[in-house]
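Engineer: The structure under discussion is supplied below as structure tokens; questions concerning it will follow.
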Amino acid sequence: MIIVRAELTDLPQLLKFRTDAAAWLGSLGIDQWAEPFPVSNITASIRAGEVFLFKEDLAAGAAATVTLDRNIDPELWDLWTPEERAEPALYVHKLVVDRQHAGRDLGGQILDWAGDLAAQQGARWLRLDAWTSNSRLHQYYRAHGFQHVRTAPDPNEVSGWLAQRRAHRAPHGFDTTRVCPPLEQTD
């Protein structure tokens, strides 16, 4: 499987990933992503080169997507301590695996790739936030080495479950030759 950076022409596929995931989660009684995500945010992430697609080959449709950057979600800024914010980290956002590719731990492979990339770029941590009420997702991330840091005290913060794992070099099985240049370092 290869990794390519998303382009603006991939926006319909990215939106479909999101709506399909929301429908599947809804069928499980989970309200995650029931509200549409601002298209302008996705477009900005694409333009910044932070959105990645995972494909069998260049001609194939995407099997999964993830946004990976050095930015804490602004709504969650105060949940990370000043010391944590000062540590170099990459942040996982909007990880979605197409249901046709579910059950093969593609998401786990993507997390390993993200952690490997974080280590290559000198980050100490791979971090994420997850839907606060989605305990099934929390278990998934814990099973993939993430440690719960804290949960937002505000019950209205829907994605306030914070977790991290150390960034480290790891085999992931992806062809990364098309992913360049690497994420930019920002200070």
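The values are calculated or read from the model by the stated rules, or taken from the named source; none is laboratory data. Given the structure is predicted, the values throughout are model-derived calculations rather than measurements. Cβ sites come from the backbone with ideal geometry, for glycine too, and all protein chains shown count toward neighbours.
Engineer: If I go through region 159-187 residue by residue, how many of them are surrounded by fewer than 17 Cβ atoms within 10 Å (Cβ to Cβ) and either at pLDDT 95 or above or closer than 27 Å to HIS138 by Cα (or both)?
Structural biologist: Of the residues in region 159-187, 6 are surrounded by fewer than 17 Cβ atoms within 10 Å (Cβ to Cβ) and either at pLDDT 95 or above or closer than 27 Å to HIS138 by Cα (or both).
Engineer: Which of the residues spanning region 150-166 are more than 16 Å from HIS93 (Cβ to Cβ) and in contact with a strand residue (DSSP E or B) (Cβ under 7 Å, 6 or more places away or on another chain)?
Structural biologist: Answer for region 150-166, where residues must be more than 16 Å from HIS93 (Cβ to Cβ) and in contact with a strand residue (DSSP E or B) (Cβ under 7 Å, 6 or more places away or on another chain): ARG150, THR151, ARG166.
Engineer: Another one. Just for strands (runs of 3 or more DSSP E) wholly inside region 1-112: which have at least 1 residues that are among the small types (Gly, Ala, Ser) and under 17 Å from the mean Cα position of the chain (by Cα)?
Structural biologist: Output list reads 62-69, 89-97.
Engineer: Which pairs turn up if I take residues in region 72-87 that are closer than 21 Å to ALA119 by Cα and look for partners that are in a loop (DSSP other than H, G, I, E, B) and of a type in the set (Val, Ile, Thr) with beta carbon separation below 6 Å, at least 6 apart in sequence or on another chain?
Structural biologist: TRP80/ILE72
Engineer: Are there any pairs with C-beta distances below 7 angstrom linking a residue in region 1-20 that is of a type in the set (Phe, Trp, Tyr) to a residue that is in a strand (DSSP E or B) and buried (at least 16 other Cβ atoms within 10 Å of the Cβ), with the two at least 6 apart or on different chains, and if so which?
Structural biologist: Taking only residues 6 or more apart or on different chains, the pairs are PHE17/THR65; PHE17/VAL96.
Engineer: A further question on this structure: Residues that are in contact with a helix residue (DSSP H, G or I) (Cβ under 6 Å, 6 or more places away or on another chain) and of a type outside the set (Ser, Thr, Tyr): find the strands (runs of 3 or more DSSP E) completely inside region 122-181 holding 1 or more of those.
Structural biologist: 125-130, 161-166
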